[in-house]
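The values are calculated or read from the model by the stated rules, or taken from the named source; none is laboratory data. The structure displayed is predicted, hence computed values, not measured ones. As a convention, Cβ positions derive from the backbone with ideal geometry for all residues, glycine included, and neighbour counts pool all protein chains shown.
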């Protein structure tokens, strides 16, 4: 597979990455007057692992997940599939959601406290689920986080990013707000033609 330079990181990754939302399986959501199923539905973990192994065989080296996909299940399955191959891949994961793994419930009306401690706890939980010592790209998942949290995020991202790359994601206003609070936070551009 052709490779591409990954932003300004110096990493080379396969031209195709694998998004791992679907392997998270079913979970439910509550909050803001909404309650009900969320996620992909029933998935077969063994089949998901086979698909990840096949992707690796074909040259995929970039894997994107989030701590709330399946309320942690996607990170666990990806971690099992990548066991022993962590040096060969780039793993991006996201945080910012509030959920309960035991009940498989995502809370839409709760916001993660944007403190260094809360972000660190979310990061440590993702590392455990992924079975990794580092997260290559750690992203703030939702654009709904209040802007007054951006300075705390920028301080965290400069000092705590495992490989020096972390960025908030979300709408253009969210990204601009984060960039204004810390121009050192890289901005990824999305294109519908990509």
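The numbered conditions (1) without any contact (Cβ under 8 Å) to a residue 24 or more places away in the chain; (2) more than 14 Å from residue 23 (Cα to Cα); (3) touching a helix residue (DSSP H, G or I) at 6+ places or on another chain (Cβ under 9 Å); (4) in a helix (DSSP H, G or I) are all true for residue 117 except (3). Between 80, 76, the distinction of being modelled with pLDDT of 95 or more, under 13 Å from residue 49 (Cβ atoms), under 13 Å from the mean Cα position of the chain (by Cα) and surrounded by fewer than 23 Cβ atoms within 10 Å (Cβ to Cβ) belongs to 76 only.
Being part of a helix (DSSP H, G or I) and over 22 Å from residue 102 (Cα atoms) is the filter here; which residues of the range 16-48 pass it? 47 - this is the single residue of the range 16-48 that is part of a helix (DSSP H, G or I) and over 22 Å from residue 102 (Cα atoms). Among residues of the range 86-108 that are free of Cβ contacts under 8 Å to residues at least 24 places away in the same chain, those with a beta-carbon under 6 Å from a residue that is in a loop (DSSP other than H, G, I, E, B) at least six positions away or on a different chain give the pairs 98/110; 98/112.
Rundown of residues vs (1) loosely packed, with under 15 Cβ neighbours inside 10 Å; (2) within 13 Å of residue 78 (Cβ to Cβ); (3) at pLDDT below 95, yes/no style:
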position: 8; (1), (2), (3): yes, no, yes
position: 22; (1), (2), (3): no, yes, yes
position: 42; (1), (2), (3): yes, no, yes
position: 54; (1), (2), (3): yes, no, no
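With respect to residue 143, is the statement that it is modelled with pLDDT of 50 or more and in contact with a helix residue (DSSP H, G or I) (Cβ under 9 Å, 6 or more places away or on another chain) true? Criteria met by residue 143.
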